[in-house]
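Chemist: One structure, as structure tokens, below. Some questions next.
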Amino acid sequence: MKVFITHKIPEIAEKLIKKNGFDCVTYSKSAPLTTEKLGKLARNAGGIITLLNNRITREVIDKLPNLKVISNYAVGFNNIDIEYAAEKGIVVTNTPDVLTDATADIAMGLILACSRRFCEADKFMREGKFKGWKPDLFLGPGLKNKTLGIVGAGRIGMATAFRAKAFGMKIVYFGRKRKTEFERETGAKKVSLNKLMKTADVVSVHLPLTKETFHLLDKEKLELLKPQAIFVNTARGEVVDEKYLIKLLRQKKIFCAGFDVYENEPEVNKSLFKLKNVVLLPHIGSATIETRNEMAELAAKNVINVLKGKKPLTPVNN
Ligand code: DGY
């Protein structure tokens, strides 16, 4: 039985798969893996390990008649038609937990970078503009005693809140379920999305992308942000009406926004590059050496388990 990995990932994945008696092929060319190519190269595969930018549509699934498991090398799985996979009896898995801390670190990092204007200040230094200490050089709103609004209090949202609490922030959150233990440990309060957008000094987005969350943070919601607000997204770009957010930033209607994800990845709206009040990262939420290794190990174990007729460790569609 063959396993196909759509991109080079830490070698532990291939090693584990081979050690368990399966063939394993990794697509290691730099040319993008088109649907056609994926269909051809993975034709006989029983399992595939995919990246979040491989769109595993109905069309792709139909090209892979032996497929038993799609193991996504990411926690988000909006790139996969999970309903169709389930219909075909194909298990879909993701990599939760192992990337929670790394991603929460990036969210907190973006919050700090926005509040203390790291990128503007770094650029200023590189341009040789630093002529000595000044009382008003790169002032920004501090975090202590401010309110952080967590939009989507799942694992990563909660981990971000714990970090923010250590910076002296108060927490409000919006989510489907009440998290009583989280409330007890952080003093967080569950509020409506409108209230969160109106009252938070910092808003951090942690929702998965689904039909329901697409543009959940639309014009109407974004307009509720305070003039000094910081807005950070480390989840999925499509959850936010990015064009409208850019408009607010251009008109300086909010203080700053930190992006790790974009609405039309890998394309980035060029007008973002012209703005000073943004911090732009290239989707590196889970990019620590340790985390990426753990993701590879988990993705491989999910494939191995399914191909051996065992339960996957982290399934999403059954
Ligand atoms: C995920 O796992 O969904 C992240 O976006 C990757 O860093």
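The values are calculated or read from the model by the stated rules, or taken from the named source; none is laboratory data. Everything quoted here is computed from the prediction, not taken from an experiment. Note: ideal-geometry Cβ built from the backbone for every residue, glycine included; neighbour counts use all protein chains shown. With ligands, DNA and RNA removed, areas are computed over all heavy atoms of the protein, side chains included. Shrake-Rupley method; radii C 1.70, N 1.55, O 1.52, S 1.80 Å.
Chemist: Check whether at least one residue in the range 150-172 is closer than 27 Å to I304 by Cα and crowded, with 22+ Cβ neighbours inside 10 Å, and report yes or no.
Modeler: Yes - at least one qualifying residue is present in the range 150-172.
Chemist: So which of N317, N305 is without any contact (Cβ under 8 Å) to a residue 40 or more places away in the chain, away from the ligand (no atom under 12 Å from the Cβ) and not basic (K, R)? Spell out how you get there, then give the answer.
Modeler: On the way: N317 fails: without any contact (Cβ under 8 Å) to a residue 40 or more places away in the chain.
Among N317, N305, only N305 is without any contact (Cβ under 8 Å) to a residue 40 or more places away in the chain, away from the ligand (no atom under 12 Å from the Cβ) and not basic (K, R).
Chemist: Taking into account only those residues within the range 198-207 that are of a type outside the set (S, T, Y) and buried (at least 17 other Cβ atoms within 10 Å of the Cβ), which is farthest from L143 (Cα to Cα)?
Modeler: Among those residues, the one meeting the criterion is L207.
Chemist: Does N66 satisfy the criteria of being within 27 Å of T234 (Cα to Cα) and modelled with pLDDT of 95 or more?
Modeler: Values: within 27 Å of T234 (Cα to Cα): no; modelled with pLDDT of 95 or more: yes.
Judged against the criteria, N66 is not a match.
Chemist: Could I ask something else about it? Considering only the range 118-149, state which residues are open to solvent by 100 Å² or more (accessible area, probe 1.4 Å) and of a type in the set (G, A, S).
Modeler: Those that are open to solvent by 100 Å² or more (accessible area, probe 1.4 Å) and of a type in the set (G, A, S): none in the range 118-149.
Chemist: Hey, among the residues in the range 173-197 that are open to solvent by 10 Å² or more (accessible area, probe 1.4 Å) and in a strand (DSSP E or B), which one's nearest to L224 (Cα to Cα)?
Modeler: F174
Chemist: Pick from the range 15-34 the residues that are open to solvent by less than 50 Å² (accessible area, probe 1.4 Å) and part of a helix (DSSP H, G or I): which of them is nearest to L307 (Cα to Cα)?
Modeler: Once the filter is applied, the top-ranked residue is I17.
Chemist: Still on this structure, please answer the following. Quick test for you: out of E59, E83, pick the one residue that is open to solvent by 10 Å² or more (accessible area, probe 1.4 Å), more than 25 Å from the chain's Cα centre (by Cα) and of a type outside the set (A, V, I, L, M, F, W, C).
Modeler: Details: E83 fails: more than 25 Å from the chain's Cα centre (by Cα).
Every option except E59 fails the conditions.
Chemist: Which of the residues spanning the range 271-302 are of a type in the set (S, T, N, Q), part of a helix (DSSP H, G or I) and away from the ligand (no atom under 15 Å from the Cβ)? Break it down stepwise before answering.
Modeler: Restricting attention to the range 271-302, the residues satisfying the condition of being of a type in the set (S, T, N, Q) are 271, 277, 286, 288, 291, 293, 302.
Of the ones still in play, those that are also part of a helix (DSSP H, G or I) are 271, 291, 293, 302.
Hit for the range 271-302 is S271, nothing else.
Chemist: Only one of these is small (G, A, S), part of a loop (DSSP other than H, G, I, E, B), within 21 Å of the chain's Cα centre (by Cα) and assigned by TED's automatic domain parsing to the domain that holds Q228: A159, A164, A153. Name it.
Modeler: Every option except A153 fails the conditions.
Chemist: Let me ask something else. Considering only the range 303-315, state which residues are surrounded by fewer than 19 Cβ atoms within 10 Å (Cβ to Cβ) and not in a loop (DSSP other than H, G, I, E, B).
Modeler: Passing the criteria: only P315.
Per-residue answers, yes or no, for (1) charged (D, E, K, R); (2) in contact with a Leu (Cβ under 6 Å, 6 or more places away or on another chain); (3) within 16 Å of the ligand (Cβ to nearest atom):
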residue: Y84; (1), (2), (3): no, no, no
residue: T95; (1), (2), (3): no, yes, yes
residue: L110; (1), (2), (3): no, no, yes
residue: F118; (1), (2), (3): no, no, no
residue: G128; (1), (2), (3): no, no, no
residue: T147; (1), (2), (3): no, no, no
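Chemist: Does E263 satisfy the condition of being modelled with pLDDT of 95 or more, in a loop (DSSP other than H, G, I, E, B), within 16 Å of the ligand (Cβ to nearest atom) and open to solvent by 20 Å² or more (accessible area, probe 1.4 Å)?
Modeler: Spelling it out, E263 is indeed modelled with pLDDT of 95 or more, in a loop (DSSP other than H, G, I, E, B), within 16 Å of the ligand (Cβ to nearest atom) and open to solvent by 20 Å² or more (accessible area, probe 1.4 Å).
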